[in-house]
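What follows is one structure encoded as structure tokens, with my remarks underneath.
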Amino acid sequence: MRNSKNIRRKGFTLVELLIVIVVIGILSAMMMLSSTEATTSAKAAAIVSNLRNIKTAALAFYADHPGSDDTECPTSTDVARYLKDGTATLEAGYDVARDNTSGGWFATYDIKGTETEKTKIAEKLASRASQVGLTQGLSTTSYTSGKVGMWIR
């Protein structure tokens, strides 16, 4: 007869494997939630950075064209020439436009993505609005409709 103390188990039991799988599942779910939040923050930061660059390029245009006044705004093509790559077009979704309601000029961005993504990015932008100079007063549009802007002058 064999002594039960001398028998060595090889491998893992089903319960041990299931516990490990559940723990890995919980950890991966937590990582997915945090990575989605980080991606949203990164997109919002990129939008703000690009709008600031467009604003700087528009102000450079005004500096080079001293006869310009508040009724004359550079076109998107004019502004794009002042950006680092010197191309004649802005990135997709970005534009320079006059808001007839307020009479101001804006560097604008039309947020892309699904409605859920737009809402998440818009919430991030709205929370940073006063810190970075964003405005939602672009005629009838707002953050939730997917369009944000930054005053040029």
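The values are calculated or read from the model by the stated rules, or taken from the named source; none is laboratory data. A quick note: this is a predicted structure, and the numbers were derived from the prediction, not measured. In this analysis, Cβ positions are derived from the backbone assuming ideal geometry, glycine residues included, and neighbour counts consider all displayed protein chains. Accessible surface areas use protein heavy atoms only, side chains included; no ligands, DNA or RNA. Shrake-Rupley method; radii C 1.70, N 1.55, O 1.52, S 1.80 Å.
Data for the structure
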quantity	calculated
Some residue of the range 45-59 being in contact with a Pro (Cβ under 6 Å, 6 or more places away or on another chain), part of a helix (DSSP H, G or I) and under 30 Å from Ser76 (Cβ atoms)	yes
Contacts under 6 angstrom Cβ, first residue in the range 20-48 being open to solvent by 80 Å² or more (accessible area, probe 1.4 Å) and acidic (Asp, Glu), partner modelled with pLDDT of 85 or more and in a helix (DSSP H, G or I), 6 or more apart	none
